[in-house]
Amino acid sequence: MSSLPDGCESKRILVTFDIDGTLLKGGENANTGHKRSIEWAVSQVWGIEATVQGVKHAGLTDPIIIQNMLLLHGKTEQEIWPKMNLAIQLAGEYFEKTYSTSETVVVLPGVKRVLESLQRRGVYLAIVSGNLETIGWKKIERAELKPYFMTGAFGSDHTCRGELILLAKQRILQQCGLSHDEIPWQVYHVGDTLEDMEAANYARVKGIGVLTGSCTDVHSLSSAHPDFVISDWMDGESELLARLGI
Ligand SMILES: [Mg+2]
């Protein structure tokens with residue numbers, strides 16, 4: 001991004017996007033290749049046949065999902081965390097080998113138009129996802145969304161989603177060669193889970209909820225006080241642009 005559009009010189013806007021249930025269709029029948037990669041890595045590293053399906057996973061980072069799978073099978077945190085990096089590596093490698101046949105990627109209706117609209121208006125866009133980095137980028141590439149995003153922060157970078165928002169902003173600043181306090185930033189995180197909205201609060205940015213994933217009504221997100229909630233991307237574009245002031 002070379003410059004900001006007219007009228008935006010006094011602020012810079014960064015919008016970070018979750019992947020599953022936010023940009024891409026999620027749900028029980030999606031992400032089968034992703035889930036299988038995690039399950040395979042768990043079986044290789046800890047010798048346990050565990051399923052992602054058996055634990056809460058929406059809104060959590062992949063290492064926390066792996067931890068929860070193993071805790072259910074009686075492993076202790078001391079047995080889990082020293083081997084987590086190996087599991088992350090193996091899951092990423094397995095996904096890369098198998099994703100072309102095992103992963104169904106469906107871009108949610110209206111997403112591309114919204115991303116184009118934001119990009120055209122000079123908004124900085126980044127991914128913030130609990131997916132392991134290899135897996136998250138592969139999905140985004142396959143969905144042909146990669147050109148919209150300057151950078152990303154992933155579950156393999158940190159277990160805390162709020163930290164990922166801070167990391168994504170830091171990476172944007174680095175890429176642009178900007179110092180933190182040069183121009184005020186307006187930062188938003190978009191996601192489909194309560195955990196996304198809590199992460200926005202953690203990072204002290206504005207949370208934008210979308211009802212395209214695991215939460216289907218606004219009340220499911222209200223305890224984290226999102227700045228606003230969009231029902232879907234087909235109807236949400238004008239409200240989003242108006243709220244962002246662009
Ligand atoms: Mg999600």
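Remarks
- Overall form of region 32-102 per C-alpha gyration tensor (a/c, 1.5; a/b vs b/c): prolate
- Stretchable slack from residue 120 to residue 158, in nm (0.36 nm times residue separation minus alpha-carbon distance): 10.6 nm
- Sites residue 175 and residue 102, calculated FRET efficiency, Cβ-Cβ separation with R0 30 Å, nearest 0.05: 0.40
- When +1 charges are put on Lys and Arg Cβ atoms and -1 charges on Asp and Glu Cβ atoms, the dipole computed for region 32-102 relative to its Cα centre reaches about 120 debye.
- If the segment from residue 186 to residue 89 were pulled out straight at 0.36 nm per residue, it would be longer than the present Cα-Cα gap by 31.5 nm.
- As a length-normalised measure over Cα pairs under 8 Å and 6 or more apart, the relative contact order of region 32-102 settles at 42 percent.
- Cα-centred dipole magnitude for the chain, charges only on beta-carbon of K, R (+1) and D, E (-1), debye, nearest 20: 320
- Pairs of Cα atoms nearer than 8 Å and 6+ residues apart set the relative contact order; for the chain it is 26 percent.
- When the helices of the chain are scored as -39500 (n - 2.57) per DSSP H run of n ≥ 4 and the total is divided over every residue, the value at 222 nm lands at -13500 deg cm²/dmol.
- From the C-alpha gyration tensor of the chain, square roots of 5λ in Å: 31, 18, 17
- Within region 49-71: backbone nitrogen closer than 16 Å to the residue 223 label point (7 Å, Cα to C-beta): 56-60
- Centre separation in Å (Cα based) which lies between region 9-44 and region 76-116: 7
- Extended-chain gain in nm, criterion 0.36 nm per residue less alpha-carbon gap, residue 232 and residue 201: 9.0 nm
- Relative packing of peptides 113-126, 59-72, 94-107 - highest average C-beta neighbours within 10 Å first: 59-72, 113-126, 94-107
- Of the residues 71, 117, 47, the one whose Cα sits farthest towards the positive end of the charge dipole of the chain is 117 (charges of +1 on Lys and Arg Cβ, -1 on Asp and Glu Cβ, taken about the Cα centre).
- Trypsin sites (Lys or Arg not before Pro) restricted to region 161-246 and DSSP loop, no more than 15 other C-beta within 10 Å: 204
Coordinate-derived values only; no laboratory data. What you see is a predicted model; the values in this text were computed from it and never measured. Virtual Cβ from ideal backbone geometry, glycine too; neighbours counted across all protein chains shown.
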